[in-house]
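**Student:** Following this message is one structure expressed as structure tokens.
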Amino acid sequence: MSSNNDPNYNPFSNGHYRGEFSGTNMNGNNHSQVPDDDEIDLKKLFVTLLRYKWIIAVCLIAGTAAGYFYAASQIPIFRGEGSMMISEDRGRIGSAGGDLGEMLSTSFGIGQGSRVHNELEVIRSRRFLGEIADILLEEPHQSDGTVWPVLWEEYPDDDTIADRLTVINRMRERMEAGLKDRDTDVVQITFESPSREESKHVVNSILDQYYDFSTRQNRRQARSAIEFLDQEERQLRERLKESENQLRDFMNREGVVKLDAQSERLVHTLTELEGERKSVEIERVAVNSAIDNYEAELDAIRPGLADQFAAGRSQRLSRLQFQLAELETEKMLMVSKNPGLRDEPESEPSFVRLRDQARELQDEIRALTTELVDQDERFLGFLDSQGGGLTSRLTDLRQELMTLQIEQNQLDAQAMVLDERITQEEQFFDRIPDNMVEMARLERDMKVSEQLFLTVAQQSAELGVWEQTQMGFGRVVDYSVLPLYPVSPRTPILIIIGFMLGGIAGVGYTFLREMSITEINSIDKLKDRGFPLLAVIPDIRPLIKKHYNGKPLTKVGEHTVSTDLVTLLDSISPTSEAYRRLQSNLIYSQPDNPYRVVCVSSANKSEGKTTVMANMAVTLAESGKSVVLIDCDFRRPRIHREYGVEGSPGVVEYLFDEQPLETIVKPTLVDGVDVLPAGKKTPNPSGLARSAKLAGLIDTLKSRYDYVLVDAPPYGIITDAAPLMSKVDGIILVARFNQTRLADFDQTIENLQSIRANIIGTVMMAFDPKKASGYYYTSTYYKYAYTSYNAYVEDEKQ
């Protein structure tokens, strides 16, 4: 009874059978789930890589070799390294004389240490590197007589020397200067060159030349301040001489020898006020000059930026500064009248009161100044987002400019207070005799000029001494030595990169090749179709070539049979055992409802369906079953050739010529196996497969034989046997290893399902485990099984 008649049989449950055939149940009760295409099967990936291990190994070796040879082809680059310490703060010229020294330090930058980052920019500047380039250009040859590489015009062997600007640009590209550590002021200088000697020489030249360069810079700054004071000193000297001459002429003309006490006090007060007024004026000149310089730098960064910072001054600050100026003037006048207050200020309560009030105002001014400075933070944050690394420099400029502007306001207020006091004091001249007025004024001018001259002369002398003591900022910590090993090319890293790129290329090739394979090249692909894998038949072409010289036919007694009939020719072989496994799976899969009429088909021609059916018939006969093979492939009949029988008469003669069945069924040299060939050629092979008489013939054969094996044309390309497919108990689909295209096989399954054909399972033909992909254990299992079987047979023979 056909399995199609079983009410519990549902071959199309869930569309496909799932899982591997176990030999006990084929009704869908032992089916695994369909693999999720979105899941990554790590085992399968590993197996795929292992299968292409030699290709990947070659790629790895090639990539590693390429990395090595690339590194060997590069010019080695050496790096010279040296370090020096740059002090963050060089201090101010504290001995240069009171407020004027402080003013000169702030205004002209004298004595102020440059920030380390600013000095790094100096080292990177074209001006500084130009001096290093000059050193190399003066002595362009190394100790071995070759030209310094940085001076090469174009090629190493070219003796032509590049121009100075080209050398400077090359040095800027190859030289690096930066802090060695954030917490220190140690600067590290490096220079890379294809010459060991040059890498060392350039670094050491930079270390030595920077010291001299910064020394000249510092002394140049001091010289500008000294020139300013020298000019003031000359003017004051002339003014002092003129004042002395005028006073002497007046005394000789008028006969006045000495001022009275009242006039003497007035002259002394005015002298103090005028001296202070002149000092303030000098400071204002310097401060205004410094402000102009800072504002010019700010406007260079962004036009109008200086005005935005200048807007930070407030009326409240100006008022406090004016009040402070008044108190300081009062203190100065009290000290001028009572010089003892300089040493014992606590002896005069009014002086202490003025001092305390001045301190309170100073604290209030500092607090207000801090508030004004903090108001610029938001604006500076905007500049940082727009200008990149400008924040550090803008912060310095803002602080210096704000300090100078506040100092300018203070000096303006102080000058205004002094002018008022001088005006008030000069009004007292009207109360003294006329002959004393002129003398008092002349003596006042002389003393004021004398005091200013002495102050400026002292500052100029101190700055002159200080200029000669100014040294460079840098102090060498470590000179460069000849590097032992190149820093480029990094051969180990390049080899590793080559190894990795080779691995990527190998793995990429592996997966691209796997993705491009459309054939069934693994057992797993066949299993994934959802039907039981009935048997895996090994490739017997090497054996045919070995034992039969590759011939398709061979003599067995009086019969000429196909060399593919391995179950007859070599019954003790792994291939014969594979066919027996197919026969066992077919018989015992449904013991209560056996498949007696079985059709064998495939997706395309030459995939081994006829070979499978011929060998399966032999194994069934070995088990005591009677088998008849009916060839229904009327276009390319081959069954009669497998067993060496006549191809005619056959099915065609039975259907059209009324040939009796006994005359067309031909016995073979295998007991229990008969063959019903296709017969003569027919013009309408598709009509034969649809005939009711053919169906009746199969029913007749079924009543006479235990098994009826039908060889149908490949259903993937020819649908002649479609009516026949629905009448058989089951269909075995054959796929040939590395030949059957997966898409064609799937389409064949879909076509069979569309006519509700019962697919029993699949068979893999010509399997070669050495070439198979898929899970490693699957391929290894069959390879091990074939090897073990051969060894077992050899032991049995011995």
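**Student:** Among what's in region 585-604 and is under 17 Å from residue 620 (Cα atoms), under 60 Å from the mean Cα position of the chain (by Cα) and of a type in the set (A, V, I, L, M), pick the residue that is modelled with the highest pLDDT.
**Tutor:** Here the residue is 600.
**Student:** Have a look at 653, 607 and point out the one that is within 60 Å of the chain's Cα centre (by Cα) and either surrounded by fewer than 18 Cβ atoms within 10 Å (Cβ to Cβ) or not small (Gly, Ala, Ser) (or both).
**Tutor:** Just one listed residue meets the conditions, 607.
**Student:** Taking the stated definitions as given, is residue 355 over 16 Å from residue 329 (Cα atoms), among the basic types (Lys, Arg) and at pLDDT 65 or above?
**Tutor:** So residue 355 fails the test.
**Student:** Same structure again: Do the conditions hold for residue 642, that is, is it in contact (Cβ under 8 Å) with a residue 40 or more places away in the chain and surrounded by 23 or more Cβ atoms within 10 Å (Cβ to Cβ)?
**Tutor:** yes
**Student:** Here are some residues: 600, 612, 618. Which one is touching a strand residue (DSSP E or B) at 6+ places or on another chain (Cβ under 8 Å) and under 21 Å from residue 700 (Cα atoms)?
**Tutor:** 600
**Student:** Considering every residue within region 508-517, establish whether at least one is more than 30 Å from residue 759 (Cβ to Cβ), aliphatic (A, V, I, L, M) and in a helix (DSSP H, G or I).
**Tutor:** yes
**Student:** Residue 738 - would you say it is touching a Ser or Thr at 6+ places or on another chain (Cβ under 9 Å), at pLDDT 80 or above and not β-branched (Val, Ile, Thr)?
**Tutor:** No: the conditions fail for residue 738.
**Student:** Just the residues that are within 52 Å of the chain's Cα centre (by Cα), surrounded by 16 or more Cβ atoms within 10 Å (Cβ to Cβ) and over 14 Å from residue 525 (Cα atoms), please, taken from region 750-765.
**Tutor:** 751 - this is the single residue of region 750-765 that is within 52 Å of the chain's Cα centre (by Cα), surrounded by 16 or more Cβ atoms within 10 Å (Cβ to Cβ) and over 14 Å from residue 525 (Cα atoms).
**Student:** Also, I was wondering about something else. Just one of the numbered conditions (1) of a type in the set (D, E, K, R); (2) out of contact with any helix residue (DSSP H, G or I) (no Cβ under 9 Å at 6 or more places or on another chain); (3) buried (at least 19 other Cβ atoms within 10 Å of the Cβ) is not true of residue 711; which one?
**Tutor:** (2)
**Student:** Determine the pairs where a residue that is farther than 16 Å from residue 207 by Cβ, located within region 166-194, has a partner that is surrounded by fewer than 18 Cβ atoms within 10 Å (Cβ to Cβ) and of a type in the set (Gly, Ala, Ser) with Cβ atoms under 8 Å apart, the partner being 6 or more residues away or on another chain.
**Tutor:** Hits for this filter: 168/130; 192/488.
**Student:** Let me ask you something else. Counting just the residues of region 234-258 that are at pLDDT 70 or above and of a type in the set (D, E, K, R), which one comes out surrounded by the most Cβ atoms within 10 Å (Cβ to Cβ)?
**Tutor:** Per the stated criteria, the residue is 239.
**Student:** Considering each residue of region 538-596, count those that are closer than 20 Å to residue 707 by Cβ, without any contact (Cβ under 8 Å) to a residue 60 or more places away in the chain and of a type in the set (Ser, Thr, Tyr), and give that number.
**Tutor:** Counting residues in region 538-596 that are closer than 20 Å to residue 707 by Cβ, without any contact (Cβ under 8 Å) to a residue 60 or more places away in the chain and of a type in the set (Ser, Thr, Tyr) gives 4.
**Student:** Given (1) more than 30 Å from residue 726 (Cβ to Cβ); (2) over 60 Å from the mean Cα position of the chain (by Cα); (3) of a type outside the set (Phe, Trp, Tyr), identify the lone condition not met by residue 613.
**Tutor:** Condition not satisfied by residue 613: (1).
**Student:** Okay, moving on. Restricting to region 709-739, and then to whatever is outside any loop (DSSP other than H, G, I, E, B) and of a type in the set (D, E, K, R), can you tell me which residue is nearest to residue 651 (Cα to Cα)?
**Tutor:** Per the stated criteria, the residue is 711.
**Student:** I've got another one for you. Looking at (1) over 17 Å from residue 213 (Cα atoms); (2) among the β-branched types (Val, Ile, Thr); (3) surrounded by 15 or more Cβ atoms within 10 Å (Cβ to Cβ), which one does residue 122 not meet, given that it meets all the others?
**Tutor:** (1)
**Student:** In region 693-708, what residues are out of contact with any helix residue (DSSP H, G or I) (no Cβ under 7 Å at 6 or more places or on another chain) and not in a helix (DSSP H, G or I)?
**Tutor:** Scanning region 693-708 gives 705, 706.
**Student:** Go through (1) closer than 21 Å to residue 703 by Cβ; (2) free of Cβ contacts under 8 Å to residues at least 24 places away in the same chain for residue 657 and report which single condition fails.
**Tutor:** The failed condition is (1).
**Student:** Given 609, 605, which one is over 21 Å from residue 567 (Cβ atoms), basic (Lys, Arg) and assigned by TED's automatic domain parsing to the domain that holds residue 534?
**Tutor:** Just a single option satisfies the conditions, and that option is 605.
**Student:** Follow-up question, since we're still on this one. Within region 491-548, how many residues are touching a strand residue (DSSP E or B) at 6+ places or on another chain (Cβ under 8 Å) and surrounded by 14 or more Cβ atoms within 10 Å (Cβ to Cβ)?
**Tutor:** So the answer is 16.
The values are calculated or read from the model by the stated rules, or taken from the named source; none is laboratory data. Owing to the predicted nature of the structure, the values given are computational and were not obtained by experimental measurement. Backbone-built Cβ (ideal geometry, glycine too); neighbour counts: all protein chains shown.
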